[in-house]
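Novice: First the structure, then my questions, so here it is.
What follows is calculated from the coordinates using simple rules that are stated; it is not laboratory data. Since the structure is predicted, the reported quantities are computational estimates derived from the model, not experimental observations. Every residue, glycine among them, receives a Cβ derived from its backbone with ideal geometry; neighbour counts consider all protein chains shown.
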Amino acid sequence: MVVTKKMDLRTKGNCDIIDITGQVKQEVSGSGINSGTVTIFVAGSTGGVTTIENEPGLLSDFQDMWERNAPRNIPYQHDRAWGDGNGHSHVRASLLGPSLVVPFTNKSLHLGTWQQIVLVDFDNRPRSRELVLQIMGD
């Protein structure tokens, strides 16, 4: 069986990190599927999905890492073409990736004790984001 759900979120941009674990758990629990996988996908080329320990120090380290690896303040060809100043956002999102697959059993996600699912919005402005959840299993 496959169940598809959508989640709409407002983000602040600029490496905004939003914990979506609770919403994903709720959708899996209400899906009617006992065991399987849930794929979380963010529609858009400047957002990504991953897992992290949602702790302030680590979130700051994570944001700092992006600035070191794909800094805002260097030239990007995308910015020259479109003039929107978010070339770094596209590069960062491409490195992180738009989706994540999490297994579950007895309607319970298999996450580590300190592991949360997060949406990361790399764009340079606030956005409305659509997440698509595909819940598959028995």
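Novice: Highest first, please rank the peptides 45-52, 18-25, 1-8 by the mean number of other Cβ atoms sitting within 10 Å of their residues. Intermediate values should be presented prior to the final figure.
Specialist: On the way: 45-52: 19.8, 18-25: 17.2, 1-8: 12.8.
The packing order, highest mean first, is 45-52, 18-25, 1-8.
Novice: If I stretch the segment between ASP84 and ASN14 completely, what's the gain in nm (0.36 nm per residue apart, minus their alpha carbon distance), one decimal? Mind showing how you got there, number by number?
Specialist: Values: separation 70, 0.36 × 70 = 25.20 nm, distance 1.36 nm.
Value of the extension gain: 23.8 nm.
Novice: Then there's this: Could you please report the charge total around GLN116, scoring K, R as +1 and D, E as -1 over all other residues with beta-carbon less than 11 angstrom from its beta-carbon?
Specialist: -2
Novice: Subtract the Cα-Cα distance of THR50 and MET65 from 0.36 nm times their separation in residues, and report this length gain in nm to one decimal. Write down the numbers at each step before the final one.
Specialist: On the way: separation 15, 0.36 × 15 = 5.40 nm, distance 1.46 nm.
Result for the pair: 3.9 nm of gain on full extension.
Novice: Kindly give the semi-axes, whole Å and largest first, of the ellipsoid equivalent to segment 68-138, taking each as the square root of 5 times a Cα gyration tensor eigenvalue. Each step should come with its number before you reach the end.
Specialist: Working: eigenvalues 218, 36, 20 Å².
Semi-axes, largest first: 33, 13, 10 Å.
Novice: Now for a different question. Restricting attention to the alpha-carbon atoms of the chain, what are Rg (one decimal) and Dmax (integer), both in Å?
Specialist: Radius of gyration, then largest Cα-Cα span, for the chain: 15.9, 50 Å.
Novice: With the crude spin-label approximation of a point 7 Å out along Cα→Cβ, what separation in nm comes out for LEU58 versus MET1?
Specialist: For the pair LEU58/MET1, the computed spacing is 3.3 nm.
Novice: Now a separate question. If one computes the Cα centroid of segment 77-138 and of segment 1-58, what distance in Å separates the two points?
Specialist: Each part reduced to its Cα centre gives a spacing of 8 Å.
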